[in-house]
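The values are calculated or read from the model by the stated rules, or taken from the named source; none is laboratory data. Every value quoted in this text rests on a predicted model; they were computed, and no experiment measured them. Note that each Cβ is placed from the backbone with ideal geometry, even for glycine, and that neighbours are counted across all protein chains shown.
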Amino acid sequence: MPFIPHTEAEIKEMLETIGVSTTEDLFDEIPAALRAEGLESIPLGQSEMDVARLMHQRAAEDQRSLCFAGAGAYEHHIPAAVWELTTRGEFYSAYTPYQAEASQGTLQLLYEYQSMMTSLTGMDVSNASLYDGASSLAEAVLMAVRANRKSKSKRILTLRTVNPTYQSVANTITRHQGITLEEIDYDRESGCVDINDLPEEPGDVTALVIQQPNYFGNLENIDALTDWAHKHGALVVAVVNPTSLALLKPPGEWGEIGADIVCGDGQPLGAPLSSGGPYFGIMCCRKDYVRQMPGRIIGRTTDLDGKEGFTLTLQAREQHIRRSKATSNICTNQGLLVTAATIYMSLLGPQGLYKVASASHNNTKLLREKLSKVEGVTIMFNSPFFHEVVFKFDVPVIEVMNALSAQGIVAGVLVGDHYPELEKCLMLCATETKTEKDIDTLVDSISRIASTLDTTKRSIQPEMA
Amino acid sequence: MSNVPTELRYTKSHEWVRREDDGTVTIGITEHAQELLGDLVFVEAPEAGSTYAVGDDCAVVESVKAASDVYSPLTGDIIEANEALADTPEVINTDPYGEGWIFKMKLADEGELDSLLDATAYAEQIAAED
């Protein structure tokens, strides 16, 4: 059943009225060379019944696994009330409501969300969210270029320990706007950028991007890096995991004056892993740059009767007013995910979030100790860490992963895909959802698999004739 | 009818230009422009030392309704921006040709001044817009 309300007769009538013969003619102005001829790799449509059958089959394959994978998306316990409340009819709309007169509840929720994010990050202002972590970095880079008016180079330095998929997305979005991203390599021992490796005379740098905890889970020397950037006239873009901020120094307090723009993925705050999305992006900044911040900002005000109310604010630079000159034209707000995050943070409170972060760190510490005792497995970096650790395997790591997968264990993430020098490495994460027994199950399995794979130790040696 | 002082020069995009005795020029937006924008809440003035060509956007004036670009009427270097606007952008509404100036320029070619509109021509333009 087609969901297009117009009949053939109506379409014909409309086309005749505007003087064209077919619907295709409406797209005439798009040059032929730019038009897709068809979608060859997309199969034909299927009926609802067939699709339902296919999806049930696929869902059945998705076993309930013991997951130690992280690398930007993290399994946390989500209290049942979070999505019970989020999916109530009053909230169940994925888009920002514009009408203050009809949407006070949602606007107040977004205002509370912004207050929570500024409190977590130590920044002055937060927007009402962006699309996801990767695009939030791209938006932060564009924003830094607008905000740092003293810098003319549009040159962004990025630590190589920033999530490589975020770097890739940021590069895709910014490279055709004259912006260049240059990587600063990390120290192989610490898995962090050594402040002494930064150039003494870097030239005109628009911004420095620092992720904390970095992609490997290690804690960067954020104070020295932030001060270095500011000394050379660059803004500091901080990429953060919001859960970690319950334990770590907020970006607003990095170095002498703090980071300038903060971004990251909000997924750890109440969004399930869900095969990669939907998640939401966070963005905060210091007040000086609020007019360069993309996206919606909710403000608190008083109405004509003097009553408190909430409304969209600072929208003079948004796309419905500024068109192509808007601060962003992809400032999609992930309203429903933000609703879940706000309820999640409200239920946990600062102490609850602190407990989640501490338990995640402690579990990872336990995993680190236990797994490093397995023969042929070594800890890759010697830095302080939050809730992820990179291990090097003497035996082929892909085979270890496959064997664990057969036992229902998602062992971690292969970092060699993005860092060739770490091809034998696996990155693991243990959040508060893991028990000591889970960790023992993983470590025992790895120990058994590794010794089986280690050909030097096979008990049955081929006999010599 | 908005005030259009006869001693100033104008652009079609509603900037005014005053030639000072020392050869520099002072630039702002016209009374008519501030009327169109409404109450100003923020001004992003250009950085001293930067260089602009005719038609480059070099400043932004933001009202409660919209943020609009201010275009450089002439080619030259910015020698000073009106710092007072950071705290009191509303002086553009109250005194657009005086306290509400936005920036001062040192021109690359004074001959460019002749390409600007005089008060009569600008007044005709805004009358035609209404």
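For this structure, a couple of remarks:
- When A:280, A:216 are screened for being out of contact with any His (no Cβ under 6 Å at 6 or more places or on another chain), of a type in the set (Phe, Trp, Tyr) and within 28 Å of residue B:67 (Cα to Cα), only A:280 passes.
- The set of residues from the stretch A:1-48 being surrounded by 10 or more Cβ atoms within 10 Å (Cβ to Cβ), out of contact with any Asp or Glu (no Cβ under 9 Å at 6 or more places or on another chain) and either of a type in the set (A, V, I, L, M, F, W, C) or part of a helix (DSSP H, G or I) (or both) comprises A:10, A:11, A:12, A:13, A:14, A:16, A:23, A:25, A:26.
- Tally of residues being surrounded by fewer than 19 Cβ atoms within 10 Å (Cβ to Cβ) and not charged (D, E, K, R) across the stretch B:27-65: 12
- Members of the stretch A:58-73 that are exposed (fewer than 11 other Cβ atoms within 10 Å of the Cβ) and either in a loop (DSSP other than H, G, I, E, B) or modelled with pLDDT of 95 or more (or both): A:62, A:63, A:64
- Selection status of residue B:10, under 14 Å from the mean Cα position of the chain (by Cα), aromatic (Phe, Trp, Tyr) and either surrounded by 21 or more Cβ atoms within 10 Å (Cβ to Cβ) or farther than 26 Å from residue B:110 by Cα (or both): yes
- Top-ranked residue of the stretch A:298-333 - restricted to ones that are aliphatic (A, V, I, L, M) and more than 14 Å from every other protein chain (Cβ to nearest Cβ), ranked as farthest from residue B:67 (Cα to Cα): A:304
- Test: residue in the stretch A:249-263 that is touching a Lys or Arg at 6+ places or on another chain (Cβ under 7 Å) and free of Cβ contacts under 8 Å to residues at least 60 places away in the same chain: no
- Candidates are the residues of the stretch A:255-267 that are part of a strand (DSSP E or B) and of a type in the set (A, V, I, L, M); the one that is surrounded by the most Cβ atoms within 10 Å (Cβ to Cβ) is A:262.
- Only residues that are of a type in the set (A, V, I, L, M, F, W, C), more than 14 Å from chain B (Cβ to nearest Cβ) and in a loop (DSSP other than H, G, I, E, B) were counted in the stretch A:268-297, giving 4.
- Qualifying residue in the stretch A:238-250 (condition: farther than 15 Å from residue A:121 by Cα and either of a type outside the set (Val, Ile, Thr) or out of contact with any Asp or Glu (no Cβ under 9 Å at 6 or more places or on another chain) (or both)): no
- Subset of the stretch A:214-238 (residues that are under 11 Å from residue A:385 (Cα atoms), of a type in the set (A, V, I, L, M, F, W, C) and buried (at least 24 other Cβ atoms within 10 Å of the Cβ)): A:216
- Taking the conditions (1) touching a Gly at 6+ places or on another chain (Cβ under 9 Å); (2) surrounded by 20 or more Cβ atoms within 10 Å (Cβ to Cβ); (3) under 22 Å from residue A:113 (Cα atoms); (4) modelled with pLDDT of 95 or more in turn, residue A:249 satisfies each one other than (2).
- Listed by first and then second residue, the pairs with beta-carbon distance under 8 Å, at least 6 apart or on different chains, first residue in the stretch B:61-86 and within 12 Å of another protein chain (Cβ to nearest Cβ), second of a type in the set (S, T, N, Q), are B:61/B:68; B:62/B:68; B:78/B:50; B:78/B:51.
Yes/no matrix, rows are residues, columns are (1) of a type in the set (A, V, I, L, M, F, W, C); (2) under 30 Å from residue A:240 (Cβ atoms); (3) touching a Leu at 6+ places or on another chain (Cβ under 7 Å); (4) without any contact (Cβ under 8 Å) to a residue 60 or more places away in the chain:
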{"position": "A:11", "(1), (2), (3), (4)": "yes, no, no, yes"}
{"position": "A:38", "(1), (2), (3), (4)": "no, no, no, yes"}
{"position": "A:51", "(1), (2), (3), (4)": "yes, no, no, yes"}
{"position": "A:74", "(1), (2), (3), (4)": "no, yes, no, no"}
{"position": "A:102", "(1), (2), (3), (4)": "yes, no, no, yes"}
{"position": "A:105", "(1), (2), (3), (4)": "no, yes, no, yes"}
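- Here residue A:138 does not fit the description of being buried (at least 20 other Cβ atoms within 10 Å of the Cβ) and within 14 Å of another protein chain (Cβ to nearest Cβ).
- One residue stands out in the stretch A:418-458 among those that are of a type in the set (Val, Ile, Thr), within 30 Å of residue A:352 (Cα to Cα) and part of a helix (DSSP H, G or I): the one that is nearest to the chain's Cα centre (by Cα), namely A:439.
- Residue in the stretch A:144-155 that is surrounded by fewer than 24 Cβ atoms within 10 Å (Cβ to Cβ), among the hydroxyl-bearing types (Ser, Thr, Tyr), outside the structural domain of residue A:420 (by TED's automatic domain parsing) and touching an Asp or Glu at 6+ places or on another chain (Cβ under 7 Å) present: yes
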